[in-house]
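I have placed the structure first, in the form of structure tokens, so that the comments after it can refer back to it.
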Amino acid sequence: MSKSFQGLLFALMLYAAATPAEVVRNLHSAQVPVIDQGRSALASASRDALAEVLVKVSGSEEVLQHPEIIAALPEARSHVQQYAYVRDEQTGDELSARFEFDDSFINRLLTNARLPLWTANRPRVLVWMAVEIDGVRQWVSFADTPGLAAELVSAFERRGVPVQLPLFDLADATTIGLGDIWELRGMAVQSASVRYNAENLLVGRAVLLSNGQWTGDWSYLYGNHRLDRSSQAPGAAGFMRDGVALAAEEMASRYAVAPTGITDDRVHLVVHGVVDFSDYTAIVKWLESLELIEHANIASISGDRVEFGLDAAADAAQLASIIQLNKRLQPQDALPGELVYQWTN
């Protein structure tokens, strides 16, 4: 199936009271450095951009080691829908090229290789981060460290994961301190994050050394799950990418699914509480926005109960892991292999 994605302004997510899952719209686009505007440089940059898109859509860097992906990368230029050169707004010197790829090609390539697809409906990550520069510790925020905050947002955008930074207002100040972040105190972070309705949390601390090296630690928190990782990088951008990769890989392990490779029209979904046409259209629109669902067809209607037949490239268990992102569809007791939900307004 073909779905077009347009630019996503990640800055709008930073302070919005967003829902637990959001639609990421530029999954099939990437902007990469290019040495000049020659044909050879453009072909090389298109390969780099395709690799970035495949990581973004699958959720994992491991896909780049798959033989079918390795074979496809040299042909990246032939699958570019459009591209444009971009100059750095500040210096005007650094040249990049932004590529948009055919989404049906990307999905087909991953599907044929039996590699995971991560739907564009993705939970956002709330990031608490502190840095020590010249012996002074401070928050990573657009007020205190705008350059670092921008690097952090850019790293999330490259992985196709919605991000939010705390407000750092009085309410935050009464529940968490800089020392809590520096000590990576998970319970304090989770307590302070309740107001943001975010289930996925990333906590980071970093020190800028005199030689320009960045060193520190990251913790990813999700419910009772915690994963810690140390990181060193020659620059802030590399350090940020390490933390974002930690969160993205863990999230993709839950939400990305490997397609079966065939469309299965035997997946049935039952939704209770569908009382008017707007409910029905909202459900169908959301289901058909998922890359693994081609069509959501009505099988039967009885009162407020609607049964859908899903043309899907995944089985019921795989789809359940994605549908759980829509908080308006509350799972109900069902037999194994059944999908039964209550629609809530």
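Some notes on this structure:
- At a probe radius of 1.4 angstrom, the accessible area of the range 295-345 per residue rounds to 51 square angstrom.
- Near V34, the amide H atoms lying under 5 Å from its own belong to L95, S96, A97; only residues 5 or more places off or on other chains count, and H is placed 1.01 Å from N.
- Residues of the range 41-133: accessible area per residue with a 1.4 Å probe, Å²: 42 Å²
- In terms of its alpha-carbon gyration tensor, the range 95-199 comes out prolate; a/c meets the 1.5 threshold, and the first ratio a/b outweighs b/c.
- Cα-centred dipole magnitude for the range 189-292, charges only on beta-carbon of K, R (+1) and D, E (-1), debye, nearest 20: 460 debye
- You can think of it this way: the chain between A43 and E338 has 101.5 nm of extra reach, that is 0.36 nm per residue less the Cα-Cα gap.
- Other residues whose C-beta falls under 15 angstrom from the C-beta of V306 contribute a net charge of -3, scoring Lys and Arg +1 and Asp and Glu -1.
- The portion of the accessible surface of the range 172-212 made up by carbon and sulfur, rounded to a whole percent, is 53 (1.4 Å probe; DNA, RNA and ligands excluded).
- Estimated dipole of the chain in Debye, rounded to 20 [Cβ of Lys and Arg +1, of Asp and Glu -1, Cα centre]: 40 debye
- For E294, residues with placed amide H under 5 Å, excluding near neighbours: D311, A312, A313
- Estimated distance in nm for a label pair at Q330 and L73, the labels positioned 7 Å out from Cα along Cα-to-Cβ: 4.8 nm
- Ranked by how many other beta carbons lie within 10 Å on average, peptides 157-170, 218-231, 329-342 from highest: 157-170, 218-231, 329-342
- Length-normalised contact order for the chain - Cα pairs under 8 Å, 6+ apart - percent: 16 percent
- The magnitude of the dipole of the range 260-337, with charges of +1 and -1 set on the Cβ of Lys/Arg and Asp/Glu and taken from the Cα centre, is near 220 debye.
- Database remark: amide H of L167 closer than 5 angstrom to no amide H (H placed geometrically; neighbours at sequence offset of 5 or more, or on other chains; Pro and chain starts carry no H).
- The simple spin-label model puts a point 7 Å past each Cα toward its Cβ; for H268 and Q65 those points are separated by 4.2 nm.
- Per-pair calculated FRET efficiency, R0 = 45 Å: A317 and E94 via Cβ, rounded to 0.05: 0.45
- Cβ-based charge dipole, the range 48-149, positive-most Cα from W118, I133, V55: W118
- Gained length - Q232 relative to Q213, 0.36 nm times residue gap less alpha-carbon distance: 6.1 nm
- Sequentially through the range 166-171, phi angles give Karplus couplings (6.51, -1.76, 1.60; θ = phi - 60°) of x, 6, 6, 9, 4, 4 Hz, Gly and Pro residues having no value and appearing as x.
- Sum of -39500 (n - 2.57) over DSSP H runs of 4+, divided by residues of the chain (222 nm, nearest 500): -9500 deg cm²/dmol
The values are calculated or read from the model by the stated rules, or taken from the named source; none is laboratory data. A quick note: this is a predicted structure, and the numbers were derived from the prediction, not measured. Please note: Cβ atoms are built from the backbone with ideal geometry, for glycine as well, and neighbour counts cover all protein chains shown. SASA here: full protein model, heavy atoms, side chains in, ligands and nucleic acids out. Shrake-Rupley method; radii C 1.70, N 1.55, O 1.52, S 1.80 Å.
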